[in-house]
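Here the structure is laid out as structure tokens; the discussion comes afterwards.
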Amino acid sequence: MSNQVREELELERAMLLPLRQASALQSFSLFWMPARFDPMPDAQREWLILFLQRFEQGLSSLKLEKLHFLHSRVLRKNEELQKTFHKKLHRYGPIPGPSRSLNQAAPVKLTPEVMKRFAFNRKNPSIEPFMTETAFRLKKDLAGDFTRIFMGYGGATLIFSGSSSEEMLPQTPAPPLQNVTIPKFLRKYSMLQTFTEDFDPAAPGRMPAWLRNHPSMRPLKEELGVNLEADRTSKRVDTFGRKSRELFGADLKGSAGYEGLAFVLPRLTTQDFLSRGEDEILKWFEVFDVYIRESPEDEGFVIASKHDLRPVFREALETMREDGYVYWEG
């Protein structure tokens with residue numbers, strides 16, 4: 001390796017800090033970023049909130065759906081976090097599903113003998129061995145609540161997928177309206193014309209133009225990324241649930257309740273990506289495009305993608321440095 005190539009690689013590594021890339025991998029991207037969890041220091045959290053916002057902006061051209069998952073274990077450990085979660089259930093619409101490690105042992109079955117030993121154990125034993133690990137998928141992330149409130153405790157996962165929807169169940173599309181004739185005496189009224197001039201019978205759920213273009217709607221579009229052109233009655237099918245269940249819950253097929261599972265969330269570590277075969281890992285990327293997990297096992301974030309994320313990371317990190325934000329690795 002020439003000195004020039006070596007210098008270019010070192011510059012690339014420096015530009016990506018605090019992210020570290022497994023550069024030997026060619027078929028997918030794998031990064032690790034150190035972090036302290038439970039709880040995360042304020043300086044790290046502030047940096048992370050801004051970084052993820054800019055990272056998502058850089059991904060916008062890929063048209064990916066963002067899915068939010070929170071592990072139930074962190075809620076059991078933190079009473080204040082649990083209160084916040086329960087207080088805003090109506091906003092987040094959480095849907096539970098299994099959360100599984102690739103090497104996870106099956107929960108201990110509660111046979112009569114096991115229950116008897118548990119009941120008479122004077123050491124106040126933990127119930128964890130008897131519980132199925134669960135994660136909640138949050139359907140909404142209003143005003144960045146997920147990052148601001150729930151990340152930093154070692155139980156959050158973000159998934160970006162090109163074929164998933166944030167809707168958990170398929171919606172039945174409304175039948176397209178036939179040509180509607182409006183009586184002449186009604187067509188004279190300007191108010192009615194405002195409502196009908198942009199109406200498309202094939203997309204009856206689309207927001208009318210006068211409302212889409214109103215200045216008050218600008219923050220929804222520019223700051224929150226709401227698609228004001230979307231037809232709200234169109235069918236949006238969630239494929240993440242089905243694909244994740246088939247791939248990461250294959251050994252559960254035939255068991256009671258399998259068909260009713262909303263999803264199966266994998267808890268992947270850097271070691272999983274480094275030790276498994278390429279063919280197996282490429283199948284994971286049929287379920288998601290980008291995988292970001294708070295991994296206590298790795299003492300940091302695991303970030304994996306089938307896309308080359310280096311340009312997105314470089315741009316986001318460069319703007320962070322220009323604005324004076326420095327990541328404290330603790």
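Every read-out reported here was derived from the displayed coordinates using simple, explicitly stated rules and does not represent laboratory data. Because the structure is predicted, anything quoted here is derived from the model rather than measured. When we count neighbours, we look across all protein chains shown, and the Cβ atoms used for this are built from the backbone with ideal geometry, even at glycine.
Between Asp42 and Ala209, what is the FRET efficiency for a Förster distance of 56 Å, r being their Cβ-Cβ separation, to the nearest 0.05?
Details: r = 44 Å, r/R0 = 0.79.
The formula returns an efficiency of 0.80 here.
Can you tell me the length gained on complete extension of the stretch Glu80 to Leu252, counting 0.36 nm per residue apart and subtracting the Cα distance? Mind showing how you got there, number by number?
On the way: separation 172, 0.36 × 172 = 61.92 nm, distance 3.38 nm.
The Glu80-Leu252 span can extend by a further 58.5 nm.
Taking the Cβ of each residue in His71, His90 as the centre, tally the other Cβ atoms inside 10 Å and list the residues starting with the fewest. Provide the component values of the computation, followed by the final result.
Values: His71 24, His90 7.
Least crowded to most crowded, the residues run His90, His71.
I need Leu62, Leu30 ordered by Cβ neighbour count within 10 Å, fewest first. Walk me through the numbers on the way to the answer.
Values: Leu62 13, Leu30 20.
Neighbour counts put them in this order, fewest first: Leu62, Leu30.
Any idea how far apart Gln53 and Lys139 come out in nm if each label point goes 7 Å out from Cα toward Cβ?
Result: 2.7 nm between the two label points.
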